[in-house]
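Asker: Before I ask anything, let me first share the structure, which is written out below as structure tokens.
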Amino acid sequence: MYIVKTVKEAKEITRKWAAEGLSIGLVPTMGYLHEGHLSLIKESAKDNDKTCVSIFVNPIQFGKNEDFGSYPRDIEYDTALCEKSGADLVFCPAAEEMYPDGFCSHIEISGPAEGLCGARRPGHFNGVCTVVMKLFNIINPSRAYFGRKDAQQLAVICQMVKDYNMDVKIIGMPIVREADGLAKSSRNTYLSSEERKAALCLSRALRTVKSLFDSGERNPDILKQTAKKIIKDELLSRIDYIEIVDIITMKPINEIKSDALCALAVYIGRTRLIDNIALEVKS
């Protein structure tokens, strides 16, 4: 497995693979890998001749007073997991490599980026799209893999690829959860043991919403109030948002007539966690 830190090295390797007619899968990550990330790497290794994993804590997608400085990092641990999971190349550049002196271009996106986390974190998805566009141009992948836990990010990336007529297939992969239901996240490491137990209110609320939906409830307000009550009963929680949105546009809806998403962001102590569940309308 190659481990490279420069754009030049990454391009040389992936262009050689492309010249040989090999398909390339890309798994963009910010590192501190968990089973959710590994499921993406394994799927890419299954689907493609070669798999590249990028490990880069992207400074331009963090806002003021967010956790860029404290975001967990362990490159040696991550690269070992990448190799074990079937990666052929790990690209782990420094910020100065991705954004050298004089860098002054960025992607601006609206549409699916406007609500939910986009409304709470101004500029976040512009930063996400800018780095993903750079990664696509450096690696030139056939397919790129993203987890559905970051459902809005997935919708935003799909919109960018569509808008720019890009020749990369975006693969959304299922949320990987702990045995007790908590969605896997690098930020789970911030939680104390008490907060870790409290965080289960997110998945508990989503399961209850899904059960109500499966029983025939189609009123988003009722579903949101149900989730709100469950989360508010947990004393360590503070709701950022709970929304029912169209699964593609990420826009709030008044009645569920097609596939939707219940998405939420909740602070447990000082840690902001996101989670979601699909509400699929069966034909």
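Asker: I'd like the accessible area for Asp233, computed on protein heavy atoms only with a 1.4 Å probe and all protein chains in place. Round to 10 Å², please.
Answerer: Around 110 Å² of this residue is reachable by solvent.
Asker: Leaving out same-chain residues fewer than 8 places away, which lysines sit with a Cα under 23 Å from that of Lys210?
Answerer: Lys210 reaches Lys149, Lys184, Lys197, Lys224, Lys228, Lys229, Lys232, Lys251, Lys257, Lys282.
Asker: Between helix 35-47 and the chain, what is the angle of the helix's C-alpha long axis to the longest principal axis, kept within 0 to 90° and rounded to the nearest 10?
Answerer: 50 degrees
Asker: Can you tell me how the range 130-283 classifies by the Cα gyration tensor, rounded, prolate or oblate, using a/c under 1.5 as the rounded cut? Show your work: numbers first, answer last.
Answerer: Working: a/c = 2.31, a/b = 1.33, b/c = 1.74.
Because a/c hits 1.5 or more and a/b fails to exceed b/c, the range 130-283 counts as oblate.
Asker: Taking all protein chains in place and a 1.4 Å probe, what share, in percent, of the accessible surface of the range 227-283 do carbon and sulfur account for? Mind dumping the intermediate values first?
Answerer: Numbers: 1560 of 3130 Å².
After summing per-atom areas, the C and S share lands at 50 percent.
Asker: With Kirkwood's inverse mean 1/r over C-alpha pairs for Rh, give me the Rg to Rh ratio of the chain, two decimals please. Walk me through the numbers on the way to the answer.
Answerer: Details: Rg = 19.1 Å, Rh = 19.7 Å.
My calculation puts Rg/Rh at 0.97.
Asker: Additional query: Tilt of helix 124-139 relative to the longest C-alpha principal axis of the chain, in degrees (0 to 90, nearest 10)?
Answerer: The helix 124-139 is inclined about 30 degrees to the chain.
Asker: I need the Debye-formula profile for the range 65-131: one equal scatterer per C-alpha, no solvent, reported as log10 I(q)/I(0) at q = 0.13, 0.18, 0.29 1/Å, two decimals.
Answerer: -0.59, -0.96, -1.18
Asker: Right, something else. Among 179-186, 123-130, what's the highest-first ranking by average C-beta atoms within 10 angstrom per residue?
Answerer: Packing proxy ranking, top to bottom: 123-130, 179-186.
Asker: A further question on this structure: For Cys117, what accessible area in Å² do you get when you roll a 1.4 Å probe over the heavy atoms of the protein chains, rounding to the nearest 10?
Answerer: For Cys117, solvent-accessible area is about 10 Å².
Asker: Using a/c under 1.5 as the rounded threshold, could you call the range 1-105 rounded, prolate or oblate? The axes a ≥ b ≥ c are square roots of the C-alpha gyration tensor eigenvalues, and prolate needs a/b larger than b/c, oblate otherwise.
Answerer: Details: a/c = 2.20, a/b = 1.31, b/c = 1.69.
Oblate.
Asker: Compute the Cα gyration tensor for the range 66-208, then decide on rounded, prolate or oblate, letting a ≥ b ≥ c be the square roots of its eigenvalues: rounded whenever a/c is under 1.5, prolate when a/b is larger than b/c in the other cases, and oblate in all that remain. Spell out each step's value before the answer.
Answerer: Working: a/c = 1.56, a/b = 1.32, b/c = 1.18.
The shape class here is prolate.
Asker: Compute, for Tyr267, the solvent-accessible surface of its heavy atoms (probe 1.4 Å) with the complete set of protein chains present, and express it in square angstrom to the nearest 10.
Answerer: So the heavy atoms of Tyr267 present about 50 Å² to solvent.
Asker: At a 1.4 Å probe radius, which order do Asp67, Asp163, Asp150 fall into by accessible area, largest first?
Answerer: Output order, biggest surface exposure first: Asp163, Asp150, Asp67.
Asker: Sticking with this structure for a sec: Specify the inter-centroid distance of the range 184-215 and the range 129-157, based on alpha-carbon positions, in whole Å.
Answerer: For the range 184-215 versus the range 129-157, the Cα centre distance is 26 Å.
The values are calculated or read from the model by the stated rules, or taken from the named source; none is laboratory data. Here the structure is a predicted model, which is why all the values come from computation and not from measurement. Please note: Cβ atoms are built from the backbone with ideal geometry, for glycine as well, and neighbour counts cover all protein chains shown. Just the protein is used for accessible areas: all its heavy atoms, side chains included, with ligands, DNA and RNA removed. Shrake-Rupley method; radii C 1.70, N 1.55, O 1.52, S 1.80 Å.
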